[in-house]
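Enquirer: This is the structure I want to talk about, given as structure tokens.
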Amino acid sequence: MTITNTSLVQPFKAIFRDGELYSESDIKVLVTKEGSATTLEYTPLNITYTPNYAIINYTIDEANQFQDGCDYLVRVYTVADKLLYTDKVYVTSVQYNTGEQNISNSDYTFTTDTESDYTIIGSDSSQSDSNDTSNDYDARAYDSDNNGYGSSHSLGGVITDVGFDLFGESTVDHTQYGTFTTADNYTALSVENFNISQPSAIGGSPSFSQYGLADGMNGYIRYRHGYDYTIAEKGSKQYLADRLTNEGVTARSNDDSDFLDTFTETVYLGNDQESISVGDSIYVDANGTKLADGTTNGRANRYWFMHKDSSNKYMICKVTAGIVTHYYEWRTGREGWLRFNHTNRWQSEGLDDVSLIREGKEWVGAFDTGSLVTQNTFAEAVADAQDRLNNNYSVTLSSYLPDSFDVWLDFRTSNGDSVGDYTYRLNRDNYNVGIVTTDNLEVNDLETSYTINGQTVSLLYKIDETEFRYLPLYSEMFASTLSNGRGKGVIVIECKKYTGEIINSSIVYKNN
């Protein structure tokens, strides 16, 4: 649904598929801006009914007025929390033909809200076997290559395929991967689950309606621009916890066990299996009960978990209708990239600020007579970080820092210390547009020349200048974390300012 006005009173067109007539006091409107974790709830001003849809007018909170160029997920619920309708609203300043409705004009008859009066196609009641191939078309309609990364979204019930994996996890056609079978015996496996909200509770990340999503047991949608932040966070946290600190022990040995070792679920493998492969059947108990059994919104339920395999790799496993559809080390996929909040200050619990040591090697003097001078060594930066952490400081992100302070590291092929690799950033020319995040990353370098008065001035003599960056070990770090004993580690890196190449890296951890 596209709107062009940004007034406080907004109309929303909805189809109530049960045909019920609702009054203003019967329903509520929930609005979530894409990329925001905040959902606002509104009571309708009035509802008018046409032959083919209902128009719900509601008043937007003035502090959260719709903004041009932004997407919003609008959902209509009953006061008893039954979802009636949802659609993405795009706000644009470009006028369009208001006579062209994005909802079909076929009439329907209003009925009473009883089960006998209507049938929801593909509901649990009409599909008893979640291995039934009757919903294969639904899966492939939203994910044309059936790889689990959705390529389509729905506006006003019209499916649009953008042609690449942008819109997040989508229900797959599980029959392509294998057939669920029981086993002669079962072996328990402890795993870490992704115990977060259902897709219907997520909101505007990514752009989607309620169609084609990976609903079900511990199912989730956490993608933004084709990138799964939840997998990246959980996988990297475990992976980095096993890296050595500058004192020669692992970060894990210094951290609270309940923060890292959260293997809270047990699943079962069949027939004395010691490893997992795509196509395997996974069970919820030792009786052969299917993991992720049943359907939600007519689509087979899904389940994600992570575990450490025999080669000490943290593996991500995605199960659909009891069948393993994806199994890979977290850092080998697109989630092997990780974003850190790079900052310019230390902050204590008392909110005292101390500047970080930033300068490594700097060119001093003119380009033809100067020289490269070491202002601070890497060892000095590490020692200072150790002292600050031991005295209850953390590196924190200031609200006024620009986006350029986001630093991405590539863990897909590195051994974890990133030496010889580069720091990366999002390409600002393509920022916040329809593009996959990992296709939009570029080396975080600087221009080696500039033009003034028509003359090009080279800065290549500065090419070996370095600076230090302090990246919170688990992506983010706040002063408040110091009181709970968790996450008191930083990755100190020294990189060349003009090329982004990392020449030194060390994990520094509070040790007192």
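Enquirer: Please list, or write none, the lysines whose alpha carbon is within less than 16 Å of the alpha carbon of Lys88, excluding same-chain residues fewer than 8 places away.
Expert: Cross-link targets: Lys13, Lys33.
Enquirer: Leaving out ligands, DNA and RNA, what percent of the accessible area of region 40-84 is carbon and sulfur, probe 1.4 Å? Don't jump to the answer; show the numbers that get you there.
Expert: Values: 1050 of 2140 Å².
Ligands and nucleic acids excluded, carbon and sulfur reach 49 percent.
Enquirer: Applying a 10 Å radius around every beta-carbon, put 228-240, 451-463, 182-194 in order of their mean neighbour count, most first.
Expert: Result, highest mean first: 228-240, 182-194, 451-463.
Enquirer: Once the Cβ-Cβ distance between Asp161 and Ala366 is put in as r, and R0 is 45 Å, what FRET efficiency do you end up with, to the nearest 0.05? It would help to have the intermediate numbers written out before the result.
Expert: Details: r = 58 Å, r/R0 = 1.28.
E(calc), rounded to 0.05, equals 0.20.
Enquirer: I would also like to ask the following. Can you give the Kirkwood hydrodynamic radius for region 299-373, in Å, rounded to one decimal and based on Cα pairs?
Expert: Numbers: mean 1/r = 0.0562 Å⁻¹.
Result for region 299-373, one decimal place: 17.8 Å.
Enquirer: Multiply the residue separation of Leu441 and Ala379 by 0.36 nm, subtract the distance between their alpha-carbon atoms, and state the gained length in nm to one decimal.
Expert: Using 0.36 nm per residue and subtracting the Cα-Cα distance, I get 19.3 nm.
Enquirer: Over 22 Å between Cα atoms, which of Lys237/Lys496; Lys290/Lys318; Lys28/Lys82 qualify? Mind dumping the intermediate values first?
Expert: On the way: Lys237/Lys496 26 Å; Lys290/Lys318 14 Å; Lys28/Lys82 10 Å.
Distance filter (> 22 Å) returns Lys237/Lys496.
The values are calculated or read from the model by the stated rules, or taken from the named source; none is laboratory data. Bear in mind the structure is a predicted one, so any value in this text is a computation, not a measurement. Neighbour counts are summed over all protein chains in view; Cβ atoms, including those assigned to glycine, are modelled from backbone coordinates with ideal geometry. Accessible surface areas use protein heavy atoms only, side chains included; no ligands, DNA or RNA. Shrake-Rupley method; radii C 1.70, N 1.55, O 1.52, S 1.80 Å.
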